[in-house]
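Written out below as structure tokens is the structure these notes cover.
The values are calculated or read from the model by the stated rules, or taken from the named source; none is laboratory data. Note that the coordinates shown come from a computational prediction; the quantities given were computed from them, not determined experimentally. Here the Cβ positions follow ideal geometry from the backbone for every residue, glycine too, while neighbour counts run over all protein chains shown. Only protein heavy atoms, including side chains, enter the accessible area calculation; ligands, DNA and RNA are left aside. Shrake-Rupley method; radii C 1.70, N 1.55, O 1.52, S 1.80 Å.
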Amino acid sequence: MESMTVLADAAENLHPARMQMALSLGWHIIFSCFGIALPLITVFTEWRGHKRANPALSGLAHTWAKAMGVLFAAGAVSGTLLSFEMGILWPGLMDRFGEIYGFPFVLEGYAFFIEAIFVGIYLFGWNRMSPRAHMLSAVPMIISGMAGAFFVVAANAWMNNPTGFRLDAEGNVVDARPWAAMFGPSTWPQTVHMMLAAYMVTGYAVASVYAIGMLRGRRDHHHRFGLLIPLTLAAVMTPIQIGVGDWIANTVAENQPAKLAAMEGLYRTESGVALSLGGLYYDNDLHYALQVPDGLSLLIHHDPSGVVEGLEDFPADERPPVNVVHLAYNVMVGLGSALMLLALVLAWVWWRRRRIPASPWFLRAVAVSGVAAIAALECGWITTEVGRQPWIVYGILRTADAVSPAPGLFLGFYGVAAVYLVLTVLTVIVLRRLARSHDTPAPQEVDATPPDRHSEEVAVR
């Protein structure tokens, strides 16, 4: 009777636990992107400012450094909450696989402390150190930020493709090899995909702020550089990310065929499978989708007649929720394609005229690109995480078997939601005050002469 009660409590807790984890991860991943990419953008801008003796670039770097400190503090709060949630919400995972799954988080903790130390040195060392020493102090901050992201993504990649251990006859973990587990088949594609996404999200998000300012008439050097530098970085990363998508698709097809079938809404195992765009999945079929003939077989096997496994090959209780995965995947691809078009427009105009496109429609597109990049990031993680269901450790441990049976778990969701709401409001308020405090002149004081194209060009060279 007692065991039945525990099972019932665990079943009731599954939904609130997943909701809380989804909220925490969805919120934290945005701040993680800024933690990975904004330091590099800031230091590059500071270096260009010193090299060109350009006060606009130096001032811009100083503004971004202060914003970086605010975002780092907010991300540290959400990261701390996540570390507690892993043990509180999913004791079944940590009890059975803690010696493997916990190892990259230990390393991530070291990376976080190193990053925090050098974030402090970089922020408080401004104008107190020589330019060379100040910029060199940012190098450990940049490296540790990227290392921390690698360790977290490696842990998630292990959940998608568990390696580095054996199970005995009773299902216990034996011969655990944590280092080998960190470098499974999904680690590198997921890591590269995440790193590129971080630069895209940060680049487009920062550029969108200055695009809004330029649409309001602020055409000073501060705003033009503030748009051009991060936008250029994001535009360069976008086509590379599209190429990495092929790598990811092949990895998923090989190691998680049920996830791929859900991503495409594919029920029957067939050869020469079309690539599906949009549509709704019901009655074991995808309806209203646009079809690219042989597209999926060509993408996965580089052969138009290649065979792709469908959902029919998997038991019904081992299939992910198809519409959630399929629609999230399509939104991610659609937004990524739109950002690719934006990058191509920037590249074309810069190649022809060595300046930012003058059309207000381009600025409007940049203004919404930050939200679009964040939405694409979130949809990508929905595809990755929901597509793995019903497994928390793919093919071995079900999510329902790992959740905590503790009563009242739904209260944690409301508590965490309240924390994130307050943290979001405070972060936005502080960032808005920082944006208003820089030295850029008011719109009526800005020189109305055409932009200095040479200064824009040398800023990104």
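Quick notes on this one:
- Matching residues, region 377-419, being within 13 Å of Ala22 (Cβ to Cβ) and of a type in the set (Asp, Glu): Glu378, Glu385
- Residue in region 256-268 that is touching a Pro at 6+ places or on another chain (Cβ under 8 Å) and either more than 25 Å from Ala376 (Cα to Cα) or free of Cβ contacts under 8 Å to residues at least 40 places away in the same chain (or both) present: no
- The condition of being open to solvent by less than 40 Å² (accessible area, probe 1.4 Å), out of contact with any strand residue (DSSP E or B) (no Cβ under 7 Å at 6 or more places or on another chain) and under 19 Å from Gly380 (Cα atoms) holds for only one of Ala198, Ala207, that being Ala198.
- Condition met for Ser78 (more than 24 Å from Asp220 (Cβ to Cβ), open to solvent by less than 40 Å² (accessible area, probe 1.4 Å), of a type in the set (S, T, N, Q) and part of a helix (DSSP H, G or I)): yes
- Residue within region 386-397 that is without any contact (Cβ under 8 Å) to a residue 40 or more places away in the chain, aliphatic (A, V, I, L, M) and either out of contact with any Cys (no Cβ under 9 Å at 6 or more places or on another chain) or open to solvent by 50 Å² or more (accessible area, probe 1.4 Å) (or both) present: no
- A search for C-beta distances below 9 Å between a residue of region 166-185 that is of a type outside the set (S, T, N, Q) and any residue that is open to solvent by 80 Å² or more (accessible area, probe 1.4 Å) and outside any strand (DSSP E or B), counting only pairs 6+ apart in sequence or on different chains, returns Arg166/Asp175; Val173/Glu99; Ala176/Glu99; Pro178/Glu99; Pro185/Glu254.
- Looking across region 294-322, the residues that are touching a Phe, Trp or Tyr at 6+ places or on another chain (Cβ under 8 Å) and crowded, with 17+ Cβ neighbours inside 10 Å come down to Gly310, Leu311, Val322.
- Each residue in region 81-104 was checked for being free of Cβ contacts under 8 Å to residues at least 60 places away in the same chain and either over 19 Å from Pro178 (Cα atoms) or open to solvent by 50 Å² or more (accessible area, probe 1.4 Å) (or both), and 5 of them qualify.
- Which listed residue, of Asn330, Asn284, is over 26 Å from the mean Cα position of the chain (by Cα), modelled with pLDDT of 85 or more and polar (S, T, N, Q): Asn284
- Among the candidates Val386, Val416, residue that is closer than 23 Å to Ala197 by Cβ and among the aliphatic types (A, V, I, L, M): Val386
- Residues located in region 323-378, provided they are touching a strand residue (DSSP E or B) at 6+ places or on another chain (Cβ under 7 Å) and surrounded by fewer than 23 Cβ atoms within 10 Å (Cβ to Cβ): Asn323, Asn330
- A single entry from Gly102, Gly98, Gly164 fulfils the requirement of being part of a loop (DSSP other than H, G, I, E, B) and either of a type in the set (A, V, I, L, M) or modelled with pLDDT under 85 (or both): Gly164.
- Residue, farthest from Ala17 (Cα to Cα), within region 424-437, restricted to residues that are open to solvent by 30 Å² or more (accessible area, probe 1.4 Å) and touching a helix residue (DSSP H, G or I) at 6+ places or on another chain (Cβ under 9 Å): Ser437
- Residue check for Ala56: open to solvent by less than 50 Å² (accessible area, probe 1.4 Å) and small (Gly, Ala, Ser): yes
- Among the residues of region 160-195, those identified as touching a strand residue (DSSP E or B) at 6+ places or on another chain (Cβ under 7 Å) and either open to solvent by less than 10 Å² (accessible area, probe 1.4 Å) or farther than 26 Å from Met332 by Cβ (or both) are Phe165, Arg166, Leu167, Asp168, Val173, Val174, Asp175.
- Set Ala316, Ala328: member being touching a residue at least 24 places away in the same chain (Cβ under 8 Å) and either aliphatic (A, V, I, L, M) or farther than 28 Å from Ile396 by Cα (or both): Ala328
- Some residue of region 40-53 being modelled with pLDDT under 85, surrounded by fewer than 19 Cβ atoms within 10 Å (Cβ to Cβ) and not basic (Lys, Arg): yes
- Count - residues of region 124-139 that are under 27 Å from the mean Cα position of the chain (by Cα) and buried (at least 17 other Cβ atoms within 10 Å of the Cβ): 3
- Among the residues listed as Gly395, Gly380, Gly415, Gly387, the single one being modelled with pLDDT of 80 or more and at positive phi: Gly395
- Residue match in region 439-459 (condition: open to solvent by 50 Å² or more (accessible area, probe 1.4 Å), on the phi < 0 side of the Ramachandran plot and modelled with pLDDT of 85 or more): no
- Filter pass, Gly69 being in a helix (DSSP H, G or I) and either touching a helix residue (DSSP H, G or I) at 6+ places or on another chain (Cβ under 8 Å) or crowded, with 21+ Cβ neighbours inside 10 Å (or both): yes
- Candidate set: region 210-221, residues that are under 17 Å from Arg432 (Cα atoms) and open to solvent by 20 Å² or more (accessible area, probe 1.4 Å); chosen: the one nearest to the chain's Cα centre (by Cα): Tyr210
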